[in-house]
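Written out below as C-alpha cells is the structure these notes cover.
The values are calculated or read from the model by the stated rules, or taken from the named source; none is laboratory data. Since the structure is predicted, the reported quantities are computational estimates derived from the model, not experimental observations. Neighbour counts are summed over all protein chains in view; Cβ atoms, including those assigned to glycine, are modelled from backbone coordinates with ideal geometry. For accessibility, only protein heavy atoms count, side chains too; no ligands or nucleic acids. Shrake-Rupley method; radii C 1.70, N 1.55, O 1.52, S 1.80 Å.
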Amino acid sequence: MRRQRRRVNGRFFLFLGGLALALVVTTLLLLGGGGAGEIGFGSINAELKESGVIIREETIVSTEKYEKINFNVIEGQAVADQTLIATVFKRGYQDESMIALLNLQKEIRNYQLKLLGGSDATAAELDSRIAAVKALIRDAARGDSEQDLLSLEQQVRQLQQERINYLRTAVTPDTQLQGLYNQLADQENSLRNWTRDIVNTAGNGIVSFYFDGYEQVLSSGKLGTINVSLINSLVKGGNTASTTESSSESQLYRLISPNHWYLAFTTDIDDPMRVCAGEEYYVTFDDYSDAIYLATAREPVVFIKSNEESTATQGVVNILEFHVDIGSFVGIRTVNMTITKAAQGLMIKESMLDIYNGVPCVYVESGDVVTRVEVNVLAMDEKNAVIQSRDAAVPLVAGQKLVKP
C-alpha cells in the first residue's frame with residue numbers, strides 16, 4: 001500500500017522560524033548576564049542571623065600594683081559617684097599588721113563585755129547575727145550555697161562595725177580601756193599608711209571587676225577604629241579571659257553605662273544587605289535572653305583592599321546602638337543573634353543590585369543614558385529588595401527602568 005505524502009505549507013516554516021528566534025534571544029540573554037527591570041513598590045520582612053561583639057560605654061579605672069585588696073561592692077552592683085569601691089594594700093604590706101589589729105579589737109571587746117557585767121542582750125544578738133552570716137560564708141566557700149561571697153563578707157563587716165559602734169557607746173571607758181583605745185588608734189594609723197581607699201569618681205554606673213583584654217580597643221570612644229579583622233578575630237575566638245596590665249598599674253574595675261551600649265558585626269563586601277544609618281532593627285540574642293531589643297543603626301564602615309598586596313580584610317562593619325538596660329551583657333563579649341527588619345517602599349528584583357566601591361547601587365536607564373545610583377538596602381530576601389537612594393538629590397521613583405551592566 002502506498003503512503004500518502006503530506007504537503008507542508010508555509011505556516012509550518014513560519015512556526016519553526018519563530019521558535020528558532022526565541023531560542024536565539026533566550027541564549028543571548030543568558031550568555032550576556034544582563035537584564036532589565038522596573039522599580040515597583042512592596043514590602044519585605046528580612047532576617048539576618050549573625051555573630052558579633054558587644055561594645056560597652058565604660059570607664060576603666062586602674063590603680064598602682066598592690067599586695068591585696070578588700071572589695072566594698074559586688075560584681076554588677078550599681079554605684080553612684082563617691083562610692084567606696086575597694087581598699088588596696090600597697091606592695092610590702094604584711095598580714096601581721098592586720099592580725100595584730102584584729103587581736104587588739106578582740107581584746108577590747110572582751111574587756112568591754114567585762115565592764116558590762118559579762119553579758120549584754122544587744123551585743124549577744126549582734127554576735128549571733130555575725131555567726132549566722134559566717135556560717136553562710138562557709139557554705140558558699142564549700143559550694144553548698146549559691147550566695148555571693150563578697151556580699152556575705154560585706155554583711156559581716158557591717159555587723160562587726162555595728163557591734164564596735166554599739167559597745168563604744170554602751171561602755172564608759174576606765175583607764176585600762178582608754179589605753180586600749182589609744183593602742184587601737186595607733187594600729188589603725190599605721191595600717192592606713194599601707195592602704196588606699198579607691199573611691200569612684202567616674203559617675204554613676206555598674207561595677208565589674210572582670211576584664212577580657214579588649215577593653216582598650218573596643219569601647220564607645222573608639223568606634224571609628226574598629227575594623228573587620230578585629231571583629232572577625234573575636235567572633236572566631238569567642239569570649240576570652242585575659243587581663244591587660246601596664247608595668248606600673250593594674251586594672252581595678254570597669255564602670256559601665258547601664259543603658260547605652262553597642263553591637264558590631266561584619267558582612268561581606270559584596271553583600272548588599274547591611275544596616276542603614278538611622279534605621280531601627282529588632283534583635284534577639286541566642287542563649288542569653290528571650291527579650292526583643294530595639295536598636296538604631298549607625299553608618300556602616302566599608303573596608304576595601306587598596307591593592308592586591310594589601311593584607312587588610314575586606315568587608316563591612318555594621319554597628320547597632322542600644323538605649324536599653326544592658327543586663328547580662330556587662331560581662332559578655334561575643335554573641336549570636338537574629339536581626340529582623342520590616343520595610344516597605346521602592347522594591348526591585350534582587351538581581352538588579354550591584355556593588356560599586358563597596359556600596360550597593362542600581363543602574364537607571366533613561367533613554368540612551370544609564371545612571372548609577374547608590375542605594376541603601378532596607379530589607380532583602382532571595383528574590384526582591386526594598387531600597388532607597390542614598391542621595392536625596394538623586395531620587396528614585398516607581399516606574400523607572402533598571403538595567404544590569
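Between Asp139 and Ala124, what is the label-to-label distance in nm when each label sits 7 Å out along the Cα-to-Cβ direction?
Each label point is offset 7 Å from its Cα along the Cβ direction, giving 2.5 nm.
Any idea what the dipole of the chain comes to, in debye rounded to 20, about its Cα centre with Lys/Arg Cβ at +1 and Asp/Glu Cβ at -1?
It works out to roughly 2100 debye.
FRET efficiency for Val403 and Glu299, Cβ-Cβ distance as r, R0 = 30 Å, nearest 0.05?
That gives a FRET efficiency of 0.60.
Would you please give the residues with an amide H less than 5 Å from that of Thr195, counting only those at least 5 places away or on a separate chain, with H modeled from the backbone geometry?
Lys90
For the chain, what are the DSSP H helices with axial Cα length of 27 Å or more and mean Kyte-Doolittle hydropathy of at least 1.6?
Result, helices passing both filters: 10-32.
What number, rounded to the nearest 500 deg cm²/dmol, is the helix-based mean residue ellipticity at 222 nm of the chain, given -39500 (n - 2.57) per DSSP H run of at least four residues and division by all its residues?
For the chain, the value works out to -10000 deg cm²/dmol.
Give the long-range amide H neighbours of Thr334: residues separated by 5 or more places, or on another chain, with amide H under 5 Å away, using H modelled in the peptide plane at 1.01 Å from N.
Ile54, Asn239
Roughly how many Å² is the accessible area per residue of the chain, as a whole number, for a 1.4 Å probe?
Per residue, the chain has 58 Å² of solvent-accessible surface.
Just subtract the alpha-carbon distance of Tyr282 and Ala392 from 0.36 nm times their residue separation and send over the number in nm, one decimal.
Value of the extension gain: 37.0 nm.
Please return the longest range in the chain lying between exposed loop sites, taking chymotrypsin sites (Phe, Trp or Tyr not before Pro), DSSP loop only, at most 15 other beta-carbon atoms within 10 Å, and leaving the sites out.
1-209
Within the chain, what's the longest run with no trypsin sites (Lys or Arg not before Pro) in a DSSP loop and at most 10 other beta-carbon atoms within 10 Å? Give the range, please.
In short, 92-382.
Of all the accessible heavy-atom surface of the range 125-270, with the other protein chains kept in place and a 1.4 Å probe, what percent is carbon and sulfur?
After summing per-atom areas, the C and S share lands at 46 percent.
Farthest toward the dipole's positive end in the chain, which of Ser128, Leu115, Pro173, given Cβ charges of +1 (Lys, Arg) and -1 (Asp, Glu) about the Cα centre?
Positive-end residue among those listed: Ser128.
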